[in-house]
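Okay, so here's the structure we're looking at.
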Amino acid sequence: MFARSAHDWTANTFSFSVANTGIMLVGRQTGRTGLWIYSPVGAAQGGVVAPTEGEVIQGNGATILPGAAPLWFPTEAPVWGGPITGQSTGQLVIVSFIDPPGGSLGGQ
């Protein structure tokens, strides 16, 4: 199956400073083709990402360490993040790729 490239993209950096907490990194977004999530090489700690806040707080999900290869999440669903279990700080970068419904040119 042929997949179009994304029409647009956006990036955000999230820094965590409270242990055992989860924040929504991105909400549900129709037309999002996926996300790259990574932790910068210079970050003191990485983070954990999961589909729900509860999973992040429990330490479940994907652990992303500083300098590790980015993880690709091909989803429109929400993504939650937080510090790695036992840590009180962390940093993640999210790069989101979007192709709006109807296409990038409004269906043309």
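The values are calculated or read from the model by the stated rules, or taken from the named source; none is laboratory data. Just so we're clear, the structure is a prediction, and the values are computed from it rather than from any experiment. Reconstructed Cβ throughout: ideal geometry from the backbone, glycine too, with neighbour counts over all protein chains shown.
General observations
- Test: PRO83 is in contact with a Pro (Cβ under 9 Å, 6 or more places away or on another chain) and either within 22 Å of VAL18 (Cα to Cα) or modelled with pLDDT under 90 (or both): no
- Residue in region 14-59 that is modelled with the lowest pLDDT, counting only those that are assigned to a loop (DSSP other than H, G, I, E, B), of a type in the set (Gly, Ala, Ser) and surrounded by fewer than 16 Cβ atoms within 10 Å (Cβ to Cβ): ALA19
- Matching option when the condition is touching a His at 6+ places or on another chain (Cβ under 9 Å) and either closer than 21 Å to THR10 by Cα or not aromatic (Phe, Trp, Tyr) (or both), among GLY47, GLY90, GLY31, GLY59: GLY31
- Filter result (part of a loop (DSSP other than H, G, I, E, B), surrounded by fewer than 19 Cβ atoms within 10 Å (Cβ to Cβ) and among the small types (Gly, Ala, Ser)) within region 60-72: GLY67, ALA68, ALA69
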